[in-house]
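Read through the structure below, which is laid out as C-alpha cells, and then see the notes.
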Amino acid sequence: MKKHNFYAGPSILPDYTIENTIEALKDFSGMGLSLMEISHRSKQFVAIVDEAVALFKELLSIPEGYSVIFLGGGASLQFCMIPYNILGKKAAYLNTGEWATKAIKEAKLFGDVEVVASGEDKNYNYIPKGYIIPADADYFHITTNNTIYGTEILKDIDSPVPLVADMSSDIFSRPVDISKYAIIYGGAQKNLAPAGVTFVIIKNDILGKVDRAIPTMLKYSTHISKESMFNTPPVVPIFAALQTLKWLKNNGGVAEMEKVNIRKADLLYGEIDRNSMFKGTIPAKEDRSRMNVCFVMNDGFEQFEKEFNDFASEKGMIGLKGHRSVGGFRASLYNALPFESAQALVKVMQDFENMKKL
Ligand SMILES: *Cc1c(COP(=O)(O)O)cnc(C)c1O
C-alpha cells in the first residue's frame, strides 16, 4: 500500500512523475540508453530543458523580460547568489523563520541589511505586518511559505523596490503575479522534483548593476546566456521536474491546484480547531500555511504525542512529526498529496479522539 506521505521535504511527487522518470532511467526518449548516461547536450535532453522552461512560463504566466534557469546548490546557494548579484549597498529582509534567517546571514556578507520586521518574538507563529520597506534598498526579500513554522504569505505584496521571494515550498500551489517580483527561486524537492535542481525566475533588467567581481558560476548572467547549460545541469531532477509540470498542466494548472489546496487545508485546519485533543500553532487564520499544517497536542493531552504518532503511522501516515523548533506535528499538503490523504488524516484524528474519550 502506498503511504499517505506528509513529509515536509523531500516530499510527495505525482505517480506520473515517478513512473515516467523510472521509464527514462531505463530508456530515455527511445535512445536505447538511460537518462543517466547520455550527453546533457544531446538534442533529446536540450529539448527537455526547453520544454521545462516553456511550461514554467506558461503555467505561471511569466511575462516578457524574465528568464527561467535551472541550477545546482539548492535554495541555500541562492541565499548567497542573490546578494552577490544584486546587493549594491543595502537590502531589506523580512524575517519569518529559519530559512529567512539563513538568507539574512548570507546577505550581510555583501552589504547593509535592514530586517524590516521579525516574527522571532513569538517563535515565528505569525507573519509580521505594517512594516515599512525602505525605498533606498536594492531589493526586499521574503520567504512566501515558512516550511518549518507553517505560516504563509498568500498575497503578492506591493513593494517599492524589487521583490525577491524564496518560494521553495509553495511554488505552483497558487497563481502568482510574477510581474510583482524581480526574482523567485526555490529548491525543487518540496513541490516539483527530487532534490538536486533549483529554479530561478529572474527579471533580466535587475542584473548588471553591482560593481563587484562575481565568480563565473555564481553569476546569473552566465547561466541565462547558456540556457542552464554552462556546465552539466542536474539532468535527472530536471527531467522529473518536467514530468511534474506536465502533470500540473494536465490537472488544470495552478488555478486548479489552488482550489484543491484550499480544500485540503480547510479540511485539516477545521479538524484541528474542532478536535479537543489538538490545537493549531498559528493563531491568525490568514497567516496559516496551506502547504505545511502545524499542530500540537492540546493542553492536558501532551502525554499522548508519541501515542498519536504511532497510531497514525499504523494507519499508513508517514512524515507527521513536527520540526524540532516547533514540536508536535506537521502535515505537509503539497500539490501531489491527494485530497483523500487529508481526509484519511482527519479520520485518524477523529478516531484517536473517540478512543481517548472512552
Ligand atoms: C527547504 C527550504 C529551503 C532549503 O532548500 P535547499 O534546497 O535544501 O537548500 C529554503 N527555503 C525554504 C522555504 C525551504 O522550504
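Please treat every number below as a calculation from the coordinates, not as lab data. Source: prediction; values computed, not measured. Cβ atoms come from the backbone with ideal geometry, glycine included; neighbour counts cover every protein chain shown.
Quick notes
- Total lysine pairs under 28 Å (Cα atoms) in region 1-125, excluding pairs fewer than 8 apart on one chain: 14
- Nearest 10 degrees, 0 to 90: helix 15-26 Cα axis against the chain principal axis: 50 degrees
- Pair-distance profile P(r), taking every C-alpha pair of region 1-135, with 10 angstrom steps and integer %: 9, 23, 30, 23, 13, 2
- Protection-proxy order for peptides 154-167, 207-220, each taking the mean of Cβ atoms within 10 Å per residue, highest first: 154-167, 207-220
- Dipole magnitude of region 252-357, debye to nearest 20 (Cβ charges: Lys/Arg +1, Asp/Glu -1, about Cα centre): 100 debye
- Rg/Rh for region 15-250 stands at 0.98; both radii use Cα atoms, and Rh follows the Kirkwood definition.
- K279-E227 FRET efficiency (beta carbon distance; Förster radius 51 Å; 0.05 resolution): 0.55
- Highest to lowest packing among 125-137, 259-271, scored as the average C-beta count within 10 Å: 259-271, 125-137
- The residue among V236, V254, S168 whose Cα reaches farthest toward the positive pole of the charge dipole of the chain, with charges on the beta-carbon of Lys, Arg, Asp and Glu, is V236.
- Region 211-277 pair-distance distribution - Cα-Cα, 5 Å bins, rounded %: 4, 12, 12, 11, 12, 11, 11, 10, 8, 6, 4, 1
- Between 0 and 90 degrees, the angle of helix 253-274 with respect to the longest Cα principal axis of the chain falls at about 30 degrees.
- Ordering of 67-77, 247-257 by packing [mean C-beta count within 10 Å, highest first]: 67-77, 247-257
- Using alpha-carbon coordinates, inclination of helix 235-250 to the longest axis of the chain, degrees: 60 degrees
- Least to most buried among R290, R174, R274 (fewest other Cβ within 10 Å first): R274, R174, R290
- Charged-residue dipole, Cβ positions (Lys, Arg, Asp, Glu), the chain about Cα centre, Debye nearest 20: 220 debye
- Partner aspartates and glutamates for K246 [C-alpha distance under 20 Å; skip if fewer than 8 residues away on the same chain]: D15, E19, E23, D27, D50, E51, E58, D170, E256, E258
- For region 15-250, the antiparallel share of DSSP beta bridges with both residues in that region comes to about 45%.
- The magnitude of the dipole of region 223-304, with charges of +1 and -1 set on the Cβ of Lys/Arg and Asp/Glu and taken from the Cα centre, is near 340 debye.
- For region 276-303 and region 169-198, distance of Cα centres in Å: 26 Å
- Spatial extent of region 252-357: Rg and Dmax, with the Cα atoms as the point set, Å: 13.4, 44
- Selection from F339, M317, A24 lying farthest towards where the dipole of the chain points positive, charges on Cβ: A24
- With neighbours defined as other Cβ atoms within 10 Å of a residue's Cβ, the residues Y84, Y7 order from fewest to most as Y7, Y84.
- Neighbour-count order for C80, C294, fewest beta carbons within 10 angstrom listed first: C80, C294
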